[in-house]
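Written below as structure tokens is the structure these notes are about.
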Amino acid sequence: MNIELVQFEKRNDSRGNLSFFEVDESRFFPIKRVYWLYDVPKFSSRGAHAHKNLRQIMLCVKGSLQIKLDDGYSKRDITLNDPTVGLVVEKMIWRDITDFSSDAVLIVFASERYSEDDYFRNYEDFLSASKVP
Ligand code: TYD
């Protein structure tokens, strides 16, 4: 499956922690959009879609949540609960995001501007498209 967990820098001193990454194109894609999810009710589920072309880096900067990933062939279940770990999700991966802790904040860095045309919101449509050779 086309995902990767990346470890970001962490600078710690008596004033607390600071993490960062730079958009080095040999490592990451150029970022055109940033959005974030927060105050998600305990039993809510987000996502439930795949993207035709969009690539994303997901970073849970506070709290914890679960991400279920499915590329049409295999499934992975990832816990994000570390503000120094980013999940890189390439295109054509269905995701369901659940189990948000009450303090969870998920920030997403995206390779493209928002376009509803880039979404598969129907799982069967995604599955058929993922099987095209
Ligand atoms: P939605 O895709 O349903 O959120 P999620 O996949 O996280 O559950 O998006 C919710 C609404 O926000 C929907 O009306 C589309 C809009 N939206 C934007 O306008 N810009 C964006 O960058 C994103 C991610 C969503």
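The values are calculated or read from the model by the stated rules, or taken from the named source; none is laboratory data. If you're wondering where the values come from, they're calculated on a predicted model, not measured in any experiment. In this analysis, Cβ positions are derived from the backbone assuming ideal geometry, glycine residues included, and neighbour counts consider all displayed protein chains.
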Query raised in the report: Does E90 meet the test of being within 11 Å of the ligand (Cβ to nearest atom) and surrounded by fewer than 18 Cβ atoms within 10 Å (Cβ to Cβ)?
Result: no
Requested in this report: Mind listing whichever residues of segment 95-107 are near the ligand (Cβ under 10 Å from one of its atoms) and surrounded by fewer than 19 Cβ atoms within 10 Å (Cβ to Cβ)?
Outcome: D96
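Matching residues to (1) β-branched (V, I, T); (2) more than 17 Å from V85 (Cα to Cα):
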residue	(1), (2)
I3	yes, no
V6	yes, no
E9	no, no
S19	no, no
D24	no, no
Y38	no, yes
**Report entry** Filter result for the condition that a residue is at pLDDT 95 or above and over 24 Å from P41 (Cβ atoms), over I93, I107
**Finding:** I93
Query raised in the report: Name the strands (runs of 3 or more DSSP E) wholly within segment 1-85 that hold at least 1 residues that are surrounded by 12 or more Cβ atoms within 10 Å (Cβ to Cβ), over 17 Å from the mean Cα position of the chain (by Cα) and not β-branched (V, I, T)?
Result: 9-13, 16-20
Query raised in the report: Could you give every pair whose Cβ atoms fall below 6 Å, whose first residue belongs to segment 23-37 and is without any contact (Cβ under 8 Å) to a residue 24 or more places away in the chain, and whose second residue is assigned to a loop (DSSP other than H, G, I, E, B), counting only separations of at least 6 or pairs across chains?
Result: V23/I31
Query raised in the report: Can you tell which of D39, D24, D71, D77 is among the charged types (D, E, K, R), more than 26 Å from D103 (Cα to Cα) and at pLDDT 95 or above?
Result: D71
